[in-house]
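Written out below as structure tokens is the structure these notes cover.
The values are calculated or read from the model by the stated rules, or taken from the named source; none is laboratory data. Everything quoted here is computed from the prediction, not taken from an experiment. Backbone-built Cβ (ideal geometry, glycine too); neighbour counts: all protein chains shown. With ligands, DNA and RNA removed, areas are computed over all heavy atoms of the protein, side chains included. Shrake-Rupley method; radii C 1.70, N 1.55, O 1.52, S 1.80 Å.
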Amino acid sequence: MSYFVTGATGFIGRFLLPHLIKRGEPIYVLVRKKSLSRLKKLKTTLNDQDLIIPILGDIAKPNLGIAKSDQTKLKNKITHFFHLAAIYDLKASAEAQEASNVNGTLHAVQLAKTIGAECFHHMSSIAAAGLYKGTFREDMFDEAQDLEDPYFRTKHEAERIVRTECEIPYQIYRPAMVVGHSKTGEMDKIDGPYYLFKIIQKIRKVMPVWMPMVGIEGGYFNIVPVDYVAETIDYLAHRKGLHGKSFHLIDTKPKKLGELLNIFSKAAHAPEMAMRIDARMFAFIPSVIRKGIVNLPPVKRMIRHVLAD
């Protein structure tokens, strides 16, 4: 048994590799020439005992740009092909997301077929559902709605490629919003709920910790720590009878924005919200009054300041 991994030096890949290393089998890792030093540093950190073998290539090229000699070397040796390489940055351009998420997946599917891999494991996202209203089940795909956002659209299209063009068995994983390690807190970028930290920091500077606050309850945020995602993928990949299925890697008891703010505030020794107001209550206020309040100069300055942060 051998593994092939794209995106191995990425955030999720770095935490999946230790699980694969424990299985004691060769792990072929796609890497660009300029990233070899980064992989070497990761190998040292993981103490991989030479199980990790770099394969030069590029997800932007057909068959991932892997040399014919390497394709021959990998032929019929790969049991699990993990495709993790993608852009997870909502601020990335539509063109960059198209090239990485869509074309990269197409090229990965091509290579998996070329080398005769036994199973293709695709890292998708709950974003593939778009802004679907209601419960989006694991057996749903075409029902996705409102895919205008480039990230939603490219993650949906990438999953479609796997479903329609992958000629070998596949499994699809849709994690929720991935945050840092549950024990160390390690994270690779500021995104999602991390934007709340600066707001909490500013409140802590001007308010004593015992001061009860009033805030908005907000909608649900489904977040999962990266170590949970990596461990679950490793577990599901090695279970039998799961080919052709999709899996939601989520928190089954998601928390609302207000709950998350209180959790973060408690950890930061900042005042917590003793009362949280459901934003839907503002719908009962006449629109003329709402617009009047929003257009007040102090309110407009506050909104601009928060949005800038």
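Please sort by residue number the trypsin sites (Lys or Arg not before Pro) in the stretch 135-219 whose DSSP state is loop and whose Cβ has at most 16 other Cβ atoms within 10 Å.
Details: sites: ARG137, ARG153, LYS155, ARG160, ARG163, LYS183, LYS189, LYS198, LYS202, ARG204, LYS205; in loops: ARG137, LYS183, LYS189.
Within the stretch 135-219, the qualifying trypsin sites (Lys or Arg not before Pro) (loop, at most 16 other Cβ atoms within 10 Å) are ARG137, LYS183, LYS189.
Can you give the local net charge around PHE15? Use residues other than it whose beta-carbon is closer than 10 angstrom to its beta-carbon, Lys and Arg +1, Asp and Glu -1.
Numbers: positive: ARG14; negative: GLU186, ASP227, GLU231, ASP234.
With Lys, Arg at +1 and Asp, Glu at -1, the net is -3.
Just how large is the dipole of the stretch 25-167 about the Cα centre, in debye to the nearest 20, putting +1 at every Lys and Arg Cβ and -1 at every Asp and Glu Cβ? Show your work: numbers first, answer last.
Details: 20 positive and 20 negative charges, 181 e Å.
Magnitude of the dipole: close to 860 debye.
So how tilted is helix 11-21 from the main axis of the chain? Cα-based, degrees 0 to 90, rounded to 10.
40
Specify the longest stretch of the chain that does not include any exposed loop site, a site being one of the GluC sites (Glu not before Pro) with a non-H, G, I, E, B DSSP assignment and at most 16 other Cβ atoms within 10 Å.
Values: sites that count: GLU118, GLU138, GLU143, GLU148, GLU167, GLU186.
Of all site-free stretches, the longest is 187-309.
Report the FRET efficiency, 1/(1 + (r/R0)^6), for ARG137 and SER182, where r is their Cβ-Cβ distance and R0 is 30 Å, rounded to 0.05.
About 0.70, to the nearest 0.05.
Could you work out the relative contact order of the stretch 129-171? I mean the mean sequence separation of Cα pairs under 8 Å and 6+ apart, divided by the number of residues, in percent.
On the way: 27 pairs, mean separation 15.1, N = 43.
Value for the stretch 129-171: 35 percent.
Quick one: net charge of SER2's neighbours, Cβ under 12 Å, K/R +1, D/E -1? Could the numbers behind the result be given before it?
Numbers: positive: ARG23, LYS73, LYS75, LYS77; negative: GLU25, GLU118.
That works out to +2.
What's the carbon and sulfur percent of the chain's accessible surface, probe 1.4 angstrom, rounded to a whole number?
Numbers: 9990 of 17130 Å².
The nonpolar share, carbon plus sulfur, comes to 58 percent.
Suppose a student asked you for the relative contact order of the chain, using Cα pairs under 8 Å spaced at least 6 residues apart; what percent would you report?
Values: 514 pairs, mean separation 50.1, N = 309.
Relative contact order for the chain comes out at 16 percent.
Suppose all protein chains stay in the model; what accessible area per residue would a 1.4 Å probe give for the chain, in Å²? Don't skip to the answer; put the middle values down first.
Working: 17130 Å² over 309 residues.
With all protein chains present, the chain gives 55 Å² per residue.
Given a cut-off of 20 Å, name the pairs among LYS205/LYS266; LYS91/LYS155; LYS183/LYS205; LYS43/LYS113; LYS202/LYS300 whose C-alpha atoms lie farther apart than that in the structure shown. Kindly include the intermediate steps, with their values, before the conclusion.
Working: LYS205/LYS266 14 Å; LYS91/LYS155 14 Å; LYS183/LYS205 27 Å; LYS43/LYS113 28 Å; LYS202/LYS300 18 Å.
Where the Cα-Cα span goes over 20 Å, the pairs concerned are LYS183/LYS205; LYS43/LYS113.
Just to confirm a number: summing +1 for Lys and Arg and -1 for Asp and Glu over residues other than ALA270 whose beta-carbon lies under 13 angstrom from that of ALA270, what do you get? List each step's numbers first, then the result.
Values: positive: LYS198, LYS202, ARG204, LYS205, LYS266; negative: GLU272.
Result for the local shell: +4.
Given R₀ = 41 Å, FRET efficiency for GLU148-TYR235 by Cβ-Cβ distance, to 0.05? Mind dumping the intermediate values first?
On the way: r = 35 Å, r/R0 = 0.85.
Computed FRET efficiency for GLU148 and TYR235 comes out at 0.75.
Tell me, what is a quarter of the convex hull surface for the C-alpha atoms of the stretch 32-91, in nm² with one decimal? Could the numbers behind the result be given before it?
On the way: hull surface 22.7 nm².
Result: 5.7 nm².
Can you tell me the length gained on complete extension of the stretch ILE190 to GLU118, counting 0.36 nm per residue apart and subtracting the Cα distance? Let's see the in-between values first.
Working: separation 72, 0.36 × 72 = 25.92 nm, distance 3.62 nm.
Difference between extended and current length: 22.3 nm.
Go from 0 up to the bin containing the longest alpha carbon distance in the chain, width 10 Å each, and give me the % of pairs per bin.
Calculated over all Cα pairs of the chain, the distribution is 5, 23, 30, 21, 12, 7, 1, 0 percent.
Rounded to whole Å and ordered largest first, report the semi-axes of the equivalent ellipsoid of the stretch 36-155 derived from its Cα gyration tensor (root of 5λ).
Details: eigenvalues 177, 57, 45 Å².
They are 30, 17, 15 Å, listed from largest to smallest.
Between ALA96 and GLU165, what is the FRET efficiency for a Förster distance of 30 Å, r being their Cβ-Cβ separation, to the nearest 0.05?
0.85
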